[in-house]
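Below: the structure, in structure tokens.
FYI, it's all coordinate maths here, none of it is from the lab. Every value quoted in this text rests on a predicted model; they were computed, and no experiment measured them. Every residue, glycine as well, gets a Cβ built from its backbone with ideal geometry; the counts of neighbours run over all protein chains shown.
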Amino acid sequence: MANTTSVYERTLSGSVERLTVMAYLGHEEGDADEIRVIHDRGGVTVEDGIAYHGRQGVAWLEDHRRASLAGGYRPARLG
């Protein structure tokens, strides 16, 4: 699988929250999966972290997607 980027948004108390999830899924090339999540609230970055998931990046992405949608986030319309 190649690099992927997903963006989710929700509005709380008049402020837009955005999650940007960028993943390098390199286990097929012998690398670990690396996922970066940037959380913006009202245009201010409140969290920016990178985690290594070994060979479990695809599963983590799906779990994160389900949790984000359950938390009121929706895929952002970019462009």
- GNM, the chain, Cα, under 10 Å: largest mean-square fluctuation among GLU62, GLU47, GLU29? GLU29
- Message: Placing unit charges on C-beta atoms (Lys and Arg positive, Asp and Glu negative, everything else neutral), compute the dipole magnitude of the chain about its Cα centre in debye, rounded to 20.
- Response: 460 debye
- Item | Extension reserve of the THR4-ARG77 stretch, reckoned as 0.36 nm per residue once the Cα distance is removed | 24.7 nm
- Item | Extension reserve of the TYR52-LEU69 stretch, reckoned as 0.36 nm per residue once the Cα distance is removed | 3.9 nm
- With the 8 Å Cα cutoff and a minimum separation of six or more residues, the chain has a relative contact order in percent of 27 percent
- Task: Calculate how large, on average over all directions, the projected area of the Cα convex hull of the chain is; give the answer in nm² to one decimal.
- Result: 5.4 nm²
